[in-house]
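Input: a single structure, listed below in structure tokens.
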Amino acid sequence: EAGVAQSPRYKIIEKRQSVAFWCNPISGHATLYWYQQILGQGPKLLIQFQNNGVVDDSQLPKDRFSAERLKGVDSTLKIQPAKLEDSAVYLCASSSPRISEAFFGQGTRLTVV
Amino acid sequence: AQSVSQHNHHVILSEAASLELGCNYSYGGTVNLFWYVQYPGQHLQLLLKYFSGDPLVKGIKGFEAEFIKSKFSFNLRKPSVQWSDTAEYFCAVNAFTGNQFYFGTGTSLTVIP
């Protein structure tokens, strides 16, 4: 079974630029999560999708962050414009109710300079 | 609001020493409980999980955890650690309602040979 795929692995941008991350979950997993993991902290949930609908985006900074999962499969997370404090690893995970376990991708390490 | 607390931020042990990492959660409803591990340069991986039944669960690599409902705790243990256990350990709670996963801040374990 293929795992959760994320790209790119690394990204360096200047502040005020925009950036996008891509995630392809495990096939058949209806739930997709985006987490932000700042160095030294635990993953913080940014947004959760159930198929192509948003379940929880209460901690997503909506003035600069956006995410979509148009066809209920892969997803993109965008930051525009980026700030220095957005430097973090962005993790994508997927799960299904039948399994009740989250599977994580390798993450994208974003550095904003 | 749901929260997950990990008491130890950094732990340093010698090989063969015993390990116990604390985890407490605050959530009034039914939850599933997890410990994830993140080895250096790798993605988050499931160590063990508790859904129901025997409150003492065994995971991979000799790890175990005990769910104490009255204390809202799910502590991770290993009788004898190895150098290869050096990693970040995250406790996580999956709330039944909404299928969200909430993570603690993590514990960095360093095992000295």
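The values are calculated or read from the model by the stated rules, or taken from the named source; none is laboratory data. Given the structure is predicted, the values throughout are model-derived calculations rather than measurements. When we count neighbours, we look across all protein chains shown, and the Cβ atoms used for this are built from the backbone with ideal geometry, even at glycine. With ligands, DNA and RNA removed, areas are computed over all heavy atoms of the protein, side chains included. Shrake-Rupley method; radii C 1.70, N 1.55, O 1.52, S 1.80 Å.
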Query raised in the report: Among A:53, A:72, A:3, which is surrounded by 13 or more Cβ atoms within 10 Å (Cβ to Cβ) and either under 23 Å from residue B:102 (Cβ atoms) or within 12 Å of the chain's Cα centre (by Cα) (or both)?
Result: A:3
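May I ask you to verify whether residue B:86 is within 20 Å of residue B:42 (Cβ to Cβ), more than 8 Å from chain A (Cβ to nearest Cβ), surrounded by fewer than 20 Cβ atoms within 10 Å (Cβ to Cβ) and out of contact with any Pro (no Cβ under 9 Å at 6 or more places or on another chain)?
When the stated conditions are applied, residue B:86 does not pass them.
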Query raised in the report: Residues in segment A:6-23: is at least one closer than 21 Å to residue B:88 by Cβ and either open to solvent by 30 Å² or more (accessible area, probe 1.4 Å) or among the hydroxyl-bearing types (Ser, Thr, Tyr) (or both)?
Result: yes
Report summary line: Residue hits (segment B:57-103; over 20 Å from residue B:27 (Cα atoms) and assigned to a strand (DSSP E or B)) are B:57, B:58, B:64, B:77, B:78, B:87, B:88, B:89
Requested in this report: Give just the number: which of (1) over 30 Å from residue A:9 (Cβ atoms); (2) open to solvent by less than 80 Å² (accessible area, probe 1.4 Å); (3) within 12 Å of chain A (Cβ to nearest Cβ) does residue B:46 not satisfy?
Outcome: (1)
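Kindly evaluate residue B:37 against the criterion of being of a type outside the set (D, E, K, R) and either under 15 Å from the mean Cα position of the chain (by Cα) or closer than 26 Å to residue A:10 by Cα (or both).
So residue B:37 fits the description; yes.
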Requested in this report: Restrict the check to segment A:80-103 and report whether at least one residue is open to solvent by 10 Å² or more (accessible area, probe 1.4 Å), assigned to a loop (DSSP other than H, G, I, E, B), under 27 Å from residue A:14 (Cα atoms) and within 12 Å of chain B (Cβ to nearest Cβ).
Outcome: no
